[in-house]
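Novice: Provided herewith is a single structure, encoded as structure tokens, for subsequent inquiry.
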Amino acid sequence: MSEILDIAFVSGLIGATMRMATPLIFATLGEILAERSGVLNLGIEGIMLMGAMTGFLVTFSSGSIWSGVLAAAVVGMILGLLMAFLAVNLGLSQHVSGLGITLFAAGLAMFIYRLHFGSPTVPPIIQPFKQITLPVLSEIPVIGPGLFTQYSLTYIAWLLVPVMSILLYKTKLGLKIRTVGENPVVADTVGVNVALTRTLCLVIGGALMGVGGAFLTLAHQNMFLIEVIGGRGWVAIAMVIFGNWDPVKGTIGTLIFGFLDGLQLRLQGVGIAIPFHVFLMIPYLLTIVALISVSRRAAVPAALLKAYRREEKGG
Amino acid sequence: MIRFKIEKRKPLPGWAKIVIPIAAIMVTLILSAIPILIAGGHLWKSYFYLFYGALGTRFNLLETFVKASPLLMTGLAVAFAFRAKFWNIGAEGQLLAGALVATVLGVSMGGFPHALVLPIIIIAGFLAGGIWASIPAILKTKLKVDDVVSTLLLNYVMIHIMGALLFGPLQQPGSSWPRSSAIVEAACYPILMTRSRFHMGILIALLAVFVIWFINKKTTFGYQSKAVGVNVRAAHFGGINTTSVILWTALISGGLAGLAGVGELCAIQYRLIMDISPGYGYSGIVIAMLGNLHPVGVLFSSLFFSVIIVGAQTMSRMTGVPTYIAEVIQGMALMVMLIFLLFTEYKLRMVRKS
């Protein structure tokens, strides 16, 4: 009996790890793309909240959940474009522009939600995504049911990891992106449009961040709460550093985070007496520890945080 | 084809430093018309109630000062840190650290001589915020950990420390809510004006403006802190102990944020609750930027945002525009100010390309 319980527990934990990692995978990949091109996008937390709200709102009013996902992506792209205007075209401080986007987008998300729904005592809900059980694969003992009974967005997130790796390392566009992030002067000399490349990365990255946020209101939960993102955007920023700006390593980081998040939920369910806030704290502490070890061998894109203006070449 | 180029310009005269933030505020207020109109609010009525709600009656005017006090403290905290290029995004967590320590002392110091209680709480709250801020400063100087990310993450660590304590040892006996017992009377800030919440913390905040101005302008440390901000390598080779300067900057910055938390606890809430701060630490970033990192500028920009936050309540009641308009305006103000600051150093030039 206890053995079955254990297997159910492990399988459930694997499933929860995958679920909790999903929004982080989207966000981390989006941030990696932006940073590889040389722009730190601290707008991520606000973009995710805006994606979560927009996805929820559109699904609520249209009844179509994929329209919600699409809308979240579009909103992410628009905010990515705004970030590009501030940090790329105008060359403003990436730190402060990003924080500005986060403050603005977070305010806007709450504003629009309140405008549309008022302040109901019971928050409105939608019919969320259903988990899809993949045939054959889900019958693998122990790990199968957890890994392969997931939301379609989770499967998409996993497909995106190799896609992003191939894009960055195996394609011409990827080479351009990396060059722009390492040495925009060289990129410019060989005819790469630095501003356009960075804008493109911020826009696509923004779409991923938006969808990552939408996962939380369309799959993980079925309602929008103001604290729904709860710092996941900042965690994604840390995961990028933790993963040395590499999609696969970054994803490993998100899994550790997802595991702790899932474990905390499960132990709470079993009634273990450790206060759950202590568990919620661990991922942040671990990330800081990871930052310490990473900072010694950092593979930071060399032009990260540096605006590029032709007139100031070499200056 | 016509294109725009961004070019360096000659330094602007001194008055620009005052005119530019005011212009940024005006532009932000004009842009605010967009969300107001989207929300279906009548434009002039909305603007009227925004300002009437903050300044129109004695009570509301004093409330605006009450709201400005934590904003002024976190704004000063961020400005002081940013001036030395210590990117303290963690004022929110430092504020909570101050409130937390003030709570621990405030509920348990009933037996102490009354005159000692508040000074001890204020010093302890300052130190709590300062020490919490010195962690990322040590990580930055000794281990080269990016301060933006570490200060941000530590905010969440502090929120969860607070949560664990409020669901645990600090929880009010018999309560099922995450809240502490009320602090003893000797720990409450005196109210300075009748029929209002105008409290001692507001004077502390004004005093802090003077102290920070004095440190910046009149002390060697203020000069060194600025030198580190302008160019840390040059400062190092110029013989400044940059590690120690950044550490002390963090301590003072975090201490100011900690005092914001003490004020909210000892003058507004009287007991610790999870949402003791609606994001004052993050607002502090906007306020510091809009105030050009200058203490007097921070004073005025905190008053401006306080007007927006307090006024938004009345505006919302009278016109149905959600109070979150205040957050939207804050975000817009930061971006507008950034763009305006850019044009103090650069100018747009039209170029014709054939």
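Novice: Would you mind checking the pairs B:5/B:144; A:170/A:249; B:144/B:218; A:249/B:140 and listing those with alpha carbons more than 26 angstrom apart?
Specialist: B:5/B:144; B:144/B:218
Novice: What does the C-alpha gyration tensor say about the overall shape of segment B:282-325? Classify as rounded when a/c is under 1.5, otherwise prolate if a/b is larger than b/c, or oblate.
Specialist: Since a/c reaches 1.5 and a/b is larger than b/c, the shape of segment B:282-325 is classed as prolate.
Novice: OK, next. Considering every residue in A:277-288, what mean count of other chain Cβ atoms within 10 Å of its Cβ is obtained?
Specialist: Mean shielding by partner chains, rounded to a whole number: 6.
Novice: Ranking A:158, A:66, A:234 by Cβ neighbours within 10 Å, fewest first, what do you get?
Specialist: Ordered from fewest to most neighbouring Cβ atoms within 10 Å, A:158, A:66, A:234 come out as A:66, A:158, A:234.
Novice: A follow-up question, please. Pairs of Cα atoms under 8 Å, at least six residues apart: use those to get the relative contact order of chain B, whole percent.
Specialist: 38
Novice: Could you work out [θ]222 nm for chain B from helices alone, using -39500 (n - 2.57) per DSSP H run of at least four and dividing by all its residues? Round to the nearest 500 deg cm²/dmol.
Specialist: Value at 222 nm, helices only, nearest 500: -23000 deg cm²/dmol.
Novice: Still on this structure: Using only the alpha-carbon atoms, how far is helix A:152-170 inclined from the longest principal axis of chain A? Give it as 0 to 90 degrees, nearest 10.
Specialist: It is inclined by approximately 30 degrees.
Novice: Which of the aspartates and glutamates could be linked to residue B:67 by a straight reach, that is with a Cα gap under 16 Å, when you skip same-chain ones fewer than 8 residues away?
Specialist: Qualifying aspartates and glutamates at Cα under 16 Å: B:92, B:264, B:275, B:327.
Novice: Further question on the same structure: Quick one: the Cα spread of segment B:2-352 along its three principal axes, in angstroms, biggest first?
Specialist: 76, 59, 33
Novice: Net charge within 12 Å of residue B:320 by Cβ-Cβ distance, Lys/Arg positive one each and Asp/Glu negative one each, not counting residue B:320 itself?
Specialist: Its environment carries a net charge of +3.
Novice: I would also like to ask the following. Once every DSSP H run of n ≥ 4 in chain A is given -39500 (n - 2.57) and the sum is divided by its residues, what mean residue ellipticity at 222 nm do you get, rounded to the nearest 500 deg cm²/dmol?
Specialist: It comes out at -23000 deg cm²/dmol, rounded to the nearest 500.
Novice: A follow-up question, please. How high is the relative contact order of segment B:210-296, given as a whole-number percent (alpha carbon pairs under 8 Å, six or more residues apart)?
Specialist: Relative contact order comes out at 24 percent.
Novice: For segment B:258-302, report the translational diffusion coefficient in µm²/s to the nearest whole number, using Stokes-Einstein at 37 °C, 0.692 mPa s, and a Kirkwood Rh over Cα pairs.
Specialist: 287
Novice: Oh, and also: For each of A:293, B:32, count neighbouring Cβ atoms within 10 Å of the residue's Cβ, then give the residues from fewest to most.
Specialist: Going from sparsest to densest Cβ surroundings: A:293, B:32.
Novice: Can you give the local net charge around residue A:258? Use residues other than it whose beta-carbon is closer than 13 angstrom to its beta-carbon, Lys and Arg +1, Asp and Glu -1.
Specialist: +2
Novice: Sticking with this one: Grab every C-alpha pair in the protein assembly as shown, bin the distances at 20 angstrom width from 0 up to the longest one, and report whole percents.
Specialist: 18, 53, 27, 2, 0
Novice: Near residue B:8, which lysines are there with a Cα under 21 Å away, not counting those fewer than 8 places off in the same chain?
Specialist: A:306, A:313, B:17, B:347, B:353
Novice: Using only atoms on other chains, find how many Cβ atoms lie within 10 Å of each Cβ of peptide A:302-309 and report the average.
Specialist: Average neighbour count from other chains, rounded to a whole number: 1.
Novice: Let me ask something additional. Taking the Cβ of residue B:135 as the centre, find all other residues whose Cβ is under 12 Å away and add up their charges (Lys, Arg: +1; Asp, Glu: -1).
Specialist: +1
Novice: Taking only Cα atoms and a 10 Å spring cutoff, compute GNM fluctuations for chain B and point out the largest among B:225, B:316, B:253.
Specialist: Maximum among the listed residues: B:316.
Novice: Quick one: among B:40, B:281, B:222, which has the greatest mean-square fluctuation in a GNM of chain B with alpha-carbon springs under 10 angstrom?
Specialist: Largest GNM mean-square fluctuation: B:40.
Novice: Among B:146, A:188, B:275, rank each residue by its count of other Cβ atoms within 10 Å, from fewest to most, as a rough exposure measure.
Specialist: B:275, A:188, B:146
Novice: When you look at the Cβ of every residue in A:89-101, what mean number of other chain Cβ atoms sits within 10 Å?
Specialist: Counting other chains' Cβ atoms within 10 Å and averaging over A:89-101 gives 6.
Novice: GNM on chain B, C-alpha springs below 10 Å: top fluctuator among B:262, B:27, B:66?
Specialist: Among B:262, B:27, B:66, the largest GNM mean-square fluctuation belongs to B:27.
Novice: Something else now. Tell me, what is the percent relative contact order of segment A:1-132, built from C-alpha pairs under 8 Å that lie six or more residues apart?
Specialist: With pairs under 8 Å counted, the relative contact order is 27 percent.
Only the coordinates and a few stated rules stand behind these numbers; no lab work does. Please read all numbers here as calculations on a predicted model, not as lab measurements. In this analysis, Cβ positions are derived from the backbone assuming ideal geometry, glycine residues included, and neighbour counts consider all displayed protein chains.
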